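> This structure is in structure tokens; I'll ask about it shortly.
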Amino acid sequence: MEIAQEEKAARLQQAVINGSVEELLKIYEELGEVEMSAPALGLACRFRGLDVAGALIQKGASFDFPSKRRIEETYNCYIGRKCGNYRTNYSLYLLKVFDEDLRGAYCFKGMTLSHSAERETGEPLEFLSDDRRINVLKCLLENREKISFHPEEMLYYAIYFGDTVIVEELKRYGVRISGIRVHTITDVDAAMDAYWLEYIAMTQRLSDADYFTVMQQLAAELDGRLFRFTENLYEITKKRFYDVKVFEFFLAHFTQEKMKKYQIIRGLIEIDAAEVLPVIERENWIATPKKRDEMIAYASENGKTESLAWLLDYKNRTADFAVEQKKAEKKMMRELNVAPDSVAALKKIWSYRKREDGTLLITNYKGTDTEVTVPEKIGKGIVTGIGKGAFAADYSNPKVTTEQTEQHNRITKIILPDTLQYIGQYAFSDMQALKDISIPKGVKEIDAYAFDKCTSLKQITIPGTVKKIGKDAFSYCRKLEKVCVCEGVLEIDQCVFWNCDNLQEIRIPKSVQRLNTMLIGISKYEIFDYCPKAVVYCPKGSKAEEYCKEKRVRFQYSDD
């Protein structure tokens, strides 16, 4: 009777653990073709050494296996759609990493990274010594193409898991981490794909003691290119800034274009890292009196005495008090002479330009209020649009200064005028403090990423005058709970509510005729991806019902 492939794979693994080389070769010969020899070869690399691994390779064992969902699920090595092109990498059995040490890596699915393997005799097989592992590694390198061994991937994980023996040996052979890894780490336009998500997860889980060593080794692989800076990388790294060498490494090896410098300084003050503040002085980040005094006030308000003492000393060492006082007095007199509703006064608060129809498009908010009312008119011009990144707290609008983006991030409420018709790309993106905003009924278009990463918004109503909700318009709104799309809206574009993980109720009317999907390569990205609590309320027979059934989104019929 023909033995099933799953049983063949299991017998081969048992033979690796329990048999001699001769017994193993005999069993492999009896089994014939084994579609899944990768786990057995991996176990040989971890527990048996060169003789057994070499014998398996001689018989045709490989780390490759058919890229079929059936096989991946049968052998418990299916990692999942969200992880893109990742597959279990059984060659990593060779690494000195154990189950309790795993740090967010995707490709260990289905592997048991134990310290020893139980044999039928009762005598355990111990994890190989470093010398024996090096001998196995040399064999893998000599047969890399035959067995689908990717040493550049092993180097990447060996760096993260601190397996210096394997790192040093691979470097002796001239191995470098793969191009896709370098691209993910350095390219500002790289996709937020599985490689990026894994890189973030693994970096986040590094201990403070390991972080500096790992990042130094990765930097050496980049040939002078800088690490890509993002907000989530900053969040991962800022807790380590009490260590001066980590902070100096961060400034020297990460791109600085998107760094929010004053946010970083406030972060240093929050952990009272006074010993790091001289680096800020050296970088000339607080040379302006206004920002210097803002940081002094921030340290004082938060009771950060060591940082406050350093900042006051810095002010005493560098300030020209007479010049600063004179400038302050001139500014005060200018402001007293300007009527608050005049065009001159409004120009101090708003940047804007004329649209083709003669109405005005707001392009930037320059004020300092945390509760903002957008004017209906500036002079004789009627305000009908909010332009790209006008309120954004990120760098989607290159004309917005660092100070303005930081102020945007403190805004909690915005009142939009009834004259408004258009909300542009990234208009309110990354406004993490924004809790209160209503979209007027006259708005006809909400463009892509308009409210992306507004993490304090809890509910929103889309008026029926809006014909299309642009892609990712509300993605990453992590506190968003309730959405009402009114009758009249025709289209919901791709990923509109992507990663709104607290979204509980969304009402979609019968007027909506299109709910779009984004396709990148073989991966699909849906409107409600990563919204585990979401329930769609929609009319029976509607396009929304059809979409929910196809995409397996929970739904209930609405009354209308």
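Since every read-out is calculated from the coordinates, none of them should be taken as a lab result. What you see is a predicted model; the values in this text were computed from it and never measured. All Cβ positions, even for glycine, are placed from backbone atoms using ideal geometry, and neighbour counts span all protein chains on display.
> Full-extension gain between A345 and Q204, please, as 0.36 nm times their residue separation minus the C-alpha to C-alpha distance.
Contour length minus Cα-Cα distance gives 46.1 nm.
> If I take R0 = 22 Å and measure r between the Cβ atoms of D313 and N284 in this structure, what FRET efficiency does the formula 1/(1 + (r/R0)^6) give, to the nearest 0.05?
Values: r = 17 Å, r/R0 = 0.77.
Computed FRET efficiency for D313 and N284: 0.80.
> Can you tell me the 0 to 90 degree angle between the C-alpha axis of helix 130-142 and the longest principal axis of the chain, rounded to 10?
Taking the Cα atoms of the chain, the angle to 130-142 is about 90 degrees.
> Going highest first, how would you order 388-394, 188-194, 93-99 by mean Cβ packing within 10 Å? Walk me through the numbers before you get to the answer.
Values: 388-394: 25.7, 188-194: 13.7, 93-99: 19.1.
The peptides rank, most packed first, as 388-394, 93-99, 188-194.
> First obtain the Kirkwood hydrodynamic radius of the stretch 238-318 from its Cα pairs, then insert it into the Stokes-Einstein equation at 25 °C and 0.890 mPa s, and state the resulting D in µm² per second as a whole number.
Values: Rh = 12.7 Å.
After rounding, the answer is 194 µm²/s.
> Can you give me the distance in nm between label points at Q556 and D64, each placed 7 Å from the Cα along the Cα-to-Cβ direction?
It is 5.3 nm.
> So what's the convex hull volume per residue for the Cα atoms of the chain, in Å³? Write down the numbers at each step before the final one.
On the way: hull volume 107.9 nm³, N = 560.
Expressed per residue, the convex hull around the Cα atoms of the chain is 193 Å³.
> What is the diffusion coefficient of the stretch 5-176 in µm²/s, taking the Kirkwood radius over Cα pairs and the Stokes-Einstein relation at 4 °C with a viscosity of 1.567 mPa s? Don't skip to the answer; put the middle values down first.
Numbers: Rh = 16.2 Å.
Translational diffusion coefficient: 80 µm²/s.
> While we're here: Cross-link candidates for K366: which aspartates and glutamates have Cα within less than 16 Å, leaving aside residues fewer than 8 places away along the same chain?
Within the straight-line cut-off, K366 pairs with E335, D341, D394, E403, E406.
> Collect residues whose amide H, placed 1.01 Å from N in the peptide plane, falls under 5 Å from the amide H of V372; neighbours closer than 5 in sequence don't count.
K413, I414, I415
> State the extension gain, in nm to one decimal, for the chain segment bounded by V323 and N502, taking 0.36 nm per residue of separation less the distance between their alpha-carbons.
Details: separation 179, 0.36 × 179 = 64.44 nm, distance 5.17 nm.
So the chain would gain 59.3 nm between V323 and N502.
> So what's the angle, to the nearest 10 degrees on a 0 to 90 scale, between helix 50-59 and the longest Cα principal axis of the chain?
Approximately 90 degrees, to the nearest ten.
> Right, something else. For helix 244-253, what angle does its Cα long axis make with the longest principal axis of the chain, in degrees from 0 to 90 and rounded to 10?
Orientation of helix 244-253: about 90 degrees from the principal axis.
> So if I take the centroid of the Cα atoms in the stretch 403-457 and the same for the stretch 199-215, what is the distance between those two points in Å?
35
> Counting only DSSP beta bridges with both residues in the stretch 343-557, what percent are antiparallel, rounded to the nearest 5?
Numbers: 10 of 42 bridges.
The answer is about 25 percent antiparallel.
> Can you give the calculated 222 nm mean residue ellipticity of the chain, where each DSSP H run of n ≥ 4 adds -39,500 (n - 2.57) and the sum is split over every residue, rounded to the nearest 500 deg cm²/dmol? Walk me through the intermediate numbers first.
Working: 22 runs with 215 residues, N = 560.
Helices in the chain give a 222 nm mean residue ellipticity of -11000 deg cm²/dmol.
> Another question about this same structure. As an exercise, take the mean of 1/r over every pair of distinct alpha carbons in the stretch 413-560, invert it, and state the Kirkwood radius in angstroms. Before the final figure, lay out the partial values.
Values: mean 1/r = 0.0666 Å⁻¹.
That comes to 15.0 Å for the stretch 413-560.
> With θ set to phi - 60° and the Karplus curve 6.51 cos²θ - 1.76 cosθ + 1.60, what are the ³J(HN,Hα) couplings of the stretch 143-156 in order, to the nearest whole Hz, using x for Gly and Pro?
Couplings: 10, 4, 6, 4, 10, 6, 8, 10, x, 5, 6, 4, 4, 4 Hz.
> When we measure straight from the Cα of K453, which lysines land under 17 angstrom away, once same-chain ones fewer than 8 places off are left out?
K258, K260, K388, K413, K435, K471, K479, K482
> Something else: Using θ = phi - 60° and the Karplus relation 6.51 cos²θ - 1.76 cosθ + 1.60, list the HN-Hα couplings for the stretch 255-268 in order, rounded to whole Hz, with x at every Gly or Pro.
Taking θ as phi minus 60°, the curve returns 4, 9, 4, 9, 5, 8, 4, 6, 5, 5, 5, 4, x, 5 Hz for the stretch 255-268.
> Based on the mean of other Cβ atoms within 10 Å per residue, sort peptides 249-255, 406-412, 114-120 so the most packed one is first.
406-412, 249-255, 114-120
> Here's another thing I want to ask about it. Using the Cα atoms of the stretch 139-209, I'd like the radius of gyration and the largest Cα-Cα distance, Dmax, both in angstrom.
When restricted to the Cα atoms of the stretch 139-209, Rg and Dmax are 13.5, 39 Å.
> For the stretch 424-439, take each phi angle, set θ = phi - 60°, evaluate the Karplus expression 6.51 cos²θ - 1.76 cosθ + 1.60, and give the result in whole Hz per residue in order, putting x for glycine and proline.
With coefficients 6.51, -1.76 and 1.60, one gets x, 4, 6, 3, 10, 4, 6, 7, 6, 9, 5, 10, 10, 7, 10, 8 Hz.
> Something else: Just the Kirkwood number for the stretch 345-502, please: inverse of mean 1/r across all distinct Cα pairs, in Å, one decimal. Could you put the intermediate results ahead of the total?
Numbers: mean 1/r = 0.0654 Å⁻¹.
15.3 Å is the Kirkwood radius here.
> Next up: When DSSP beta bridges are limited to those with both residues in the chain, what percentage is antiparallel, rounded to the nearest 5? Working shown, then result.
On the way: 12 of 45 bridges.
Given both bridge residues lie in the chain, the antiparallel proportion sits at roughly 25 percent.
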